[in-house]
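Heads up, the thing below is written out as structure tokens.
The values are calculated or read from the model by the stated rules, or taken from the named source; none is laboratory data. Just so it is clear, the model here is predicted, and its values are computed rather than measured. A quick note on method: Cβ atoms are made from the backbone with ideal geometry, for glycine too, and the neighbour counts reach across all protein chains shown.
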Amino acid sequence: MLYQRRIAENQVVSAKLELQLRGSRYAGVGTHVMGMAAVAMATWFVVDTLPLLTAALGFLIPNLWWSRRINKTLETHRHFTQRPTVMNELLAFAALTGLFWTSAVVWLDAYLPDITFYLVVMTIALLSVVNIAVSVAVRPVYLTYIVTSLVAMALWLAWNADQRPYNPVATVTLSILAGFLIISSDWMSCSFSEMVETSLERAAMSKDLATLTESLKTRNLQLQDARQQLAQQATIDELTGLRNRRGVNMVINDEMARLKRSQSPMTVMAIDVDHFKFYNDTYGHPAGDVVLQRLANVMLELTERAGEFAARMGGEEFVLFFPNVGNEDAANLAEELRSRIEALQILHETSQTAAHVTISIGVLCCVPDWDVEFDQLLKSADEALYTSKTTGRNRFTFVEAELESED
């Protein structure tokens with residue numbers, strides 16, 4: 001189950017700083033530049049050109065530098081690693097720009113007629129409102145700009161209320177505007193904080209969900225591997241590594257169906273270790289297990305081609321299956337198996353056949369009819385095996401059968 005995270009305060013501050021920086025990068029700097037252009041146009045024919053251009057360049061160059069500074073801060077993620085420093089830089093720039101516009105009003109008061117002066121004041125007030133709108137993400141920056149621009153201009157106009165006819169009105173207007181923005185700043189800051197926290201919480205939950213999804217995928221793969229291993233273990237004899245009876249049943253029907261369609265020959269060998277009970281009684285079951293493993297290795301070497309398999313059906317009984325193997329090849333394979341087992345020279349002092357471990361083999365070779373089942377073939381191979389055991393052991397008995405289908 002996923003739980004909504006509580007986002008740390010420093011993460012919220014960093015996210016708000018990022019919003020502030022992105023808003024100031026173009027909108028804030030661009031607003032100041034456009035405001036400077038508007039003021040220059042309004043005062044072009046009233047104020048001397050050189051001081052006006054000097055003031056404009058003196059304001060433009062720091063704004064362009066500040067824009068590059070913001071870009072570098074965002075690229076290097078300083079608002080995450082150096083939060084206090086970035087906050088102080090924002091506060092300083094807000095104070096400087098606010099004081100610049102207040103200073104501009106004070107300076108232009110000596111040159112402009114009333115109409116042009118109040119037009120400039122209105123322009124700067126509107127500029128301040130727009131600039132404040134893009135700095136509302138961080139309340140201290142927001143308040144700093146209000147105090148150094150709108151509040152400072154209102155105080156200066158109030159101080160010089162008798163110098164121009166509408167200074168009192170301008171003072172009241174700027175004071176009301178500044179007061180409204182200050183009062184509403186708390187609500188706006190809280191709204192931005194909630195928006196940022198919600199966004200961060202959703203991002204964190206999305207990340208947790210992605211991690212959980214990836215974990216579930218990994219678990220599913222592990223479960224699939226476990227199921228495959230269990231399925232393999234269920235079809236493989238633990239001692240010898242050969243197929244067990246269930247493993248034979250899983251593959252034999254498909255293989256026989258292919259041989260029936262193509263009417264190709266097949267060979268089944270039933271194998272029994274001669275006097276193996278005596279071996280276990282003499283040397284112990286652990287030694288008997290080692291013998292079975294060694295015999296199984298030989299059988300695996302003889303059944304390496306596609307479709308062939310060796311299986312342990314129980315105890316010391318084995319079955320080998322060879323598709324597309326006819327009479328002559330079947331006899332050669334049986335003799336090779338018998339001789340290779342004998343060549344192991346595994347000592348068997350209580351054997352009544354030889355001084356070493358030997359095997360008896362029953363070999364069935366046929367072209368299966370459509371209605372013939374593997375159990376019928378295995379039964380015939382067992383009968384041939386019985387013949388080998390009753391006629392001296394350590395040999396194979398070959399039978400070529402045409403089997404009748406079971407009703």
Do we have any residue at all in region 114-122 that's touching an Asp or Glu at 6+ places or on another chain (Cβ under 8 Å), surrounded by 14 or more Cβ atoms within 10 Å (Cβ to Cβ) and in a helix (DSSP H, G or I)?
yes
Unmet criterion (only one of (1) in contact (Cβ under 8 Å) with a residue 40 or more places away in the chain; (2) at negative phi) for N324
(2)
Does any residue in region 138-149 that is in the same structural domain as A95 (by TED's automatic domain parsing) and in a loop (DSSP other than H, G, I, E, B) come within less than 9 Å, Cβ to Cβ, of a residue that is modelled with pLDDT under 85 and not hydrophobic (A, V, I, L, M, F, W, C) six or more places away or on a different chain, and which pairs are these?
V138/K16; V138/Q20; V138/S189
Take the residues in region 363-407 that are hydroxyl-bearing (S, T, Y) and at pLDDT 85 or above, then tell me which one is nearest to V251 (Cα to Cα).
S380
Among the residues of region 356-371, write down those that are in contact with a helix residue (DSSP H, G or I) (Cβ under 8 Å, 6 or more places away or on another chain) and charged (D, E, K, R).
D369
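Yes/no matrix, rows are residues, columns are (1) in contact (Cβ under 8 Å) with a residue 12 or more places away in the chain; (2) more than 52 Å from the chain's Cα centre (by Cα); (3) within 20 Å of S185 (Cβ to Cβ):
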site: L90; (1), (2), (3): yes, no, yes
site: A95; (1), (2), (3): yes, no, yes
site: V106; (1), (2), (3): yes, yes, no
site: Y111; (1), (2), (3): yes, yes, no
site: I115; (1), (2), (3): no, yes, no
site: L127; (1), (2), (3): yes, no, yes
site: V130; (1), (2), (3): yes, no, yes
Residues that are crowded, with 17+ Cβ neighbours inside 10 Å and outside any helix (DSSP H, G or I), drawn from region 150-175:
R164
Looking only at residues in region 270-301 that are of a type in the set (D, E, K, R) and buried (at least 19 other Cβ atoms within 10 Å of the Cβ), which one is farthest from the chain's Cα centre (by Cα)?
D274
Do we find that L127 is assigned to a helix (DSSP H, G or I), touching a Gly at 6+ places or on another chain (Cβ under 7 Å) and hydrophobic (A, V, I, L, M, F, W, C) in this structure?
yes
Restricting attention to region 310-321, and to residues there that are in contact (Cβ under 8 Å) with a residue 60 or more places away in the chain and in contact with a strand residue (DSSP E or B) (Cβ under 8 Å, 6 or more places away or on another chain), which single residue is nearest to V248 (Cα to Cα)?
A311
Scanning region 229-284 residue by residue, those in contact with a Lys or Arg (Cβ under 7 Å, 6 or more places away or on another chain), outside any helix (DSSP H, G or I) and in contact (Cβ under 8 Å) with a residue 12 or more places away in the chain turn out to be D237, T240, L242, N244, D272, D274
Quick check: anything in region 336-343 over 19 Å from A384 (Cβ atoms), crowded, with 17+ Cβ neighbours inside 10 Å and of a type outside the set (K, R)?
no
If we keep only residues of region 34-79 that are among the β-branched types (V, I, T) and part of a loop (DSSP other than H, G, I, E, B), then the residue farthest from E18 (Cα to Cα) is V46
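Residue under question is L347, and the condition is that it be closer than 21 Å to E328 by Cα and more than 56 Å from the chain's Cα centre (by Cα); does it hold?
no
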In region 53-66, residues that are under 48 Å from the mean Cα position of the chain (by Cα), surrounded by 15 or more Cβ atoms within 10 Å (Cβ to Cβ) and within 16 Å of G35 (Cα to Cα) total 3
From the list E349, E301, pick out the single residue that is closer than 24 Å to T240 by Cα, outside any loop (DSSP other than H, G, I, E, B) and in the same structural domain as I271 (by TED's automatic domain parsing).
E301
Subset of region 230-249 [at pLDDT below 85 and either surrounded by fewer than 11 Cβ atoms within 10 Å (Cβ to Cβ) or closer than 17 Å to L378 by Cβ (or both)]
L230, Q232
